[in-house]
Amino acid sequence: MKIVLDTNCLLVSVQDYSDYFWLWQAFRDRKYTLCYTDGILNEYQEVLTQYYSAALSKYVIDAILNAPHAERITVYFKWNLIAADPDDNKFSDCAVSANANYIVSNDKHFNVLKRIEFPKVNIIDINGFKRVLMD
């Protein structure tokens, strides 16, 4: 299963004391393929460094870059599907280009994708994704 992971979900999942650590552990256990672009990876690095440390950020980024089940995506067309927060379009564009099963996010700006017929991008929150992984 291919997913695009919004930064807010990655941020809450990388610490082993987090209730959402299962998400990072599932990545390490190869339970899903993480799709990303250079822009997404840059945002991951920036936010992880801001909230935690440069060392943790480097660990996470290196883990993604070296994982055989992480897929770097090149986006050739920008759909501009999310008007409320245009910076979030990098995630929807990645999902379309990767033919991802889901964008995993708790950000309400992504809810607009539920009303867009084409291109179809499935959005799921972190708890919903846990249920999908458990099935």
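The values are calculated or read from the model by the stated rules, or taken from the named source; none is laboratory data. Quick caveat: nothing in here was measured; it's all calculated off a predicted structure. For neighbour counting, all protein chains shown are included, and Cβ atoms are generated from backbone atoms with ideal geometry for every residue, glycine included. Ligands, DNA and RNA are excluded from the accessible area calculation, which covers all protein heavy atoms including side chains. Shrake-Rupley method; radii C 1.70, N 1.55, O 1.52, S 1.80 Å.
Count of segment 8-35 residues, restricted to those that are open to solvent by 10 Å² or more (accessible area, probe 1.4 Å), assigned to a helix (DSSP H, G or I) and closer than 20 Å to HIS109 by Cβ, is 3. Being open to solvent by less than 70 Å² (accessible area, probe 1.4 Å) and among the basic types (Lys, Arg), is that true of even one residue in segment 67-75? No, the conditions are met nowhere in segment 67-75.
Looking at ASN42, ASN127, ASN101 in this structure, which one is modelled with pLDDT of 95 or more, touching a strand residue (DSSP E or B) at 6+ places or on another chain (Cβ under 7 Å) and of a type in the set (S, T, N, Q)?
Being modelled with pLDDT of 95 or more, touching a strand residue (DSSP E or B) at 6+ places or on another chain (Cβ under 7 Å) and of a type in the set (S, T, N, Q) holds for just one of ASN42, ASN127, ASN101, which is ASN101.
Taking segment 87-103 on its own, how many of its residues are part of a loop (DSSP other than H, G, I, E, B) and crowded, with 18+ Cβ neighbours inside 10 Å?
Number satisfying all stated conditions: 2.
Cβ-Cβ distances below 6 Å connect the following pairs, each with a first residue in segment 52-78 that is more than 22 Å from SER18 (Cα to Cα), a second residue that is among the small types (Gly, Ala, Ser), and a separation of six or more residues or different chains: ILE73/SER97; ILE73/ALA98; VAL75/SER97.
With respect to the conditions (1) closer than 17 Å to ASN8 by Cα; (2) at pLDDT 95 or above; (3) not in a helix (DSSP H, G or I), ALA84 lacks only one, and its number is (2). So, of the residues in segment 90-135 that are over 12 Å from the mean Cα position of the chain (by Cα) and of a type in the set (S, T, N, Q), which turns out to be nearest to THR37 (Cα to Cα)? Checking each candidate, the answer is SER97. Residues in segment 104-124 that are assigned to a helix (DSSP H, G or I) and either more than 22 Å from ARG72 (Cα to Cα) or at pLDDT 95 or above (or both): LYS108, HIS109, ASN111, VAL112, LEU113, LYS114, ARG115. Among the residues making up segment 76-86, a single one is among the aromatic types (Phe, Trp, Tyr) and surrounded by 14 or more Cβ atoms within 10 Å (Cβ to Cβ): TRP79. Look at (1) more than 20 Å from ILE123 (Cβ to Cβ); (2) at pLDDT 95 or above; (3) out of contact with any His (no Cβ under 7 Å at 6 or more places or on another chain) and you find that ARG30 fails only one, number (3). Taken as a whole, the structure places ILE40 among residues that are open to solvent by less than 10 Å² (accessible area, probe 1.4 Å), among the hydrophobic types (A, V, I, L, M, F, W, C) and within 18 Å of PHE129 (Cβ to Cβ).
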